[in-house]
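The values are calculated or read from the model by the stated rules, or taken from the named source; none is laboratory data. Quick caveat, the model's predicted, so the values are computed rather than measured. Positions of Cβ are backbone-derived with ideal geometry, glycine not excepted, and every protein chain shown enters the neighbour counts.
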Amino acid sequence: MKIKKLLLSAVLPILCLTTVAAQSSAQQDNTPKKGDVTLAATVGYNSYASVKALPGNLTSYEASALSTDWSQKKLMVGLEGGWFVSDAWKLSLGGGLNFSNNPGYTGVPGTVDENLGLEDNLGMVPNYRAVADSYSFSYNVTAGIDRYFDVKSVKNLMVYTGLRLGFAYGLNEEKYDEWTSMGKSTAETWNARASFTFGADYFVAKGMFVGISVDPVAYTYNMTSYKPQEGLANLAADGHNIGFLAAPTLRVGFVF
């Protein structure tokens with residue numbers, strides 16, 4: 001239901017704007033030319049890679065590759081730039097970058113005796129565990145090349161086919177200031193993606209367009225690794241995903 005509401009909130013303003021602009025410029029040629037630059041806001045699947053470090057004091061660990069199925073991702077807003085190297089060919093580039101840090105704090109011991117049962121500890125002051133010193137870093141980047149074709153029957157409408165390459169990386173590190181901690185715990189993940197894409201852009205006015213695209217075929221490879229204690233080897237798992245009619249994306253952009 002939330003996805004439907006988000007799509008409706010994104011599509012309805014686009015349709016209204018398209019109708020108004022199209023009526024005022026239906027006879028003009030608004031299609032881009034060689035050297036034009038585009039900048040568009042996108043609504044599509046979340047292509048970021050995110051992972052969380054494991055506790056460093058467990059007796060055994062297991063790893064599994066993170067899901068790269070686009071239909072299991074949440075919708076997100078992004079930015080995409082493009083450059084028409086000719087009247088028919090466009091290069092595109094998009095992505096994002098994120099840093100976050102959560103300071104760590106020392107734990108506060110209580111009066112609970114963990115060697116005693118629950119009834120014997122009734123009325124005791126509980127222990128407050130330390131807060132982990134945590135650091136996260138993630139980014140993603142996509143690059144593509146598209147071949148545009150005029151639709152003769154509809155003025156200012158162009159369809160295109162192209163190739164997209166993408167890479168996403170995520171890192172999380174955690175360290176607890178307590179005697180049971182075994183040092184820094186680290187987790188890393190990355191996705192590499194390649195896809196064919198098909199889409200259409202309608203240039204509603206000189207310098208403005210709306211569009212939609214979908215990937216008929218897409219392949220994604222994921223590698224995820226954990227190092228729960230310093231000095232240990234990585235515990236890793238990888239996965240492959242092939243998607244069809246994947247990652248539908250809406251665009252609203254400008255041409256400069």
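A residue that is of a type in the set (Ser, Thr, Tyr), in a strand (DSSP E or B) and within 30 Å of residue 134 (Cα to Cα) occurs nowhere in the stretch 234-250.
Looking only at the stretch 204-223, decide whether some residue is on the phi > 0 side of the Ramachandran plot and either assigned to a strand (DSSP E or B) or under 19 Å from the mean Cα position of the chain (by Cα) (or both). The answer is no, given that none of the residues of the stretch 204-223 is on the phi > 0 side of the Ramachandran plot and either assigned to a strand (DSSP E or B) or under 19 Å from the mean Cα position of the chain (by Cα) (or both). The single condition among (1) of a type in the set (A, V, I, L, M, F, W, C); (2) surrounded by 15 or more Cβ atoms within 10 Å (Cβ to Cβ); (3) touching a strand residue (DSSP E or B) at 6+ places or on another chain (Cβ under 8 Å) that residue 232 does not satisfy is (3).
Counting only strands (runs of 3 or more DSSP E) that fall entirely inside the stretch 42-155 and contain at least 3 residues that are farther than 21 Å from residue 256 by Cβ, the qualifying elements are 89-102, 133-150.
Scoring residue 59 on the criteria (1) within 30 Å of residue 190 (Cα to Cα); (2) at pLDDT 90 or above; (3) exposed (fewer than 11 other Cβ atoms within 10 Å of the Cβ) leaves a single failure, condition (2). Of all residues in the stretch 102-117, those that are closer than 18 Å to residue 130 by Cβ and among the hydrophobic types (A, V, I, L, M, F, W, C) total 2.
In the set (1) at pLDDT 95 or above; (2) over 21 Å from residue 219 (Cβ atoms); (3) within 18 Å of the chain's Cα centre (by Cα), the condition left unmet by residue 84 is number (3). Residues that are in contact (Cβ under 8 Å) with a residue 60 or more places away in the chain and surrounded by fewer than 15 Cβ atoms within 10 Å (Cβ to Cβ) were ranked within the stretch 179-197; the one that is farthest from residue 211 (Cα to Cα) is 180. Among the numbered conditions (1) farther than 21 Å from residue 215 by Cβ; (2) touching a Gly at 6+ places or on another chain (Cβ under 9 Å); (3) surrounded by fewer than 17 Cβ atoms within 10 Å (Cβ to Cβ); (4) β-branched (Val, Ile, Thr), the only one that residue 161 does not meet is (1).
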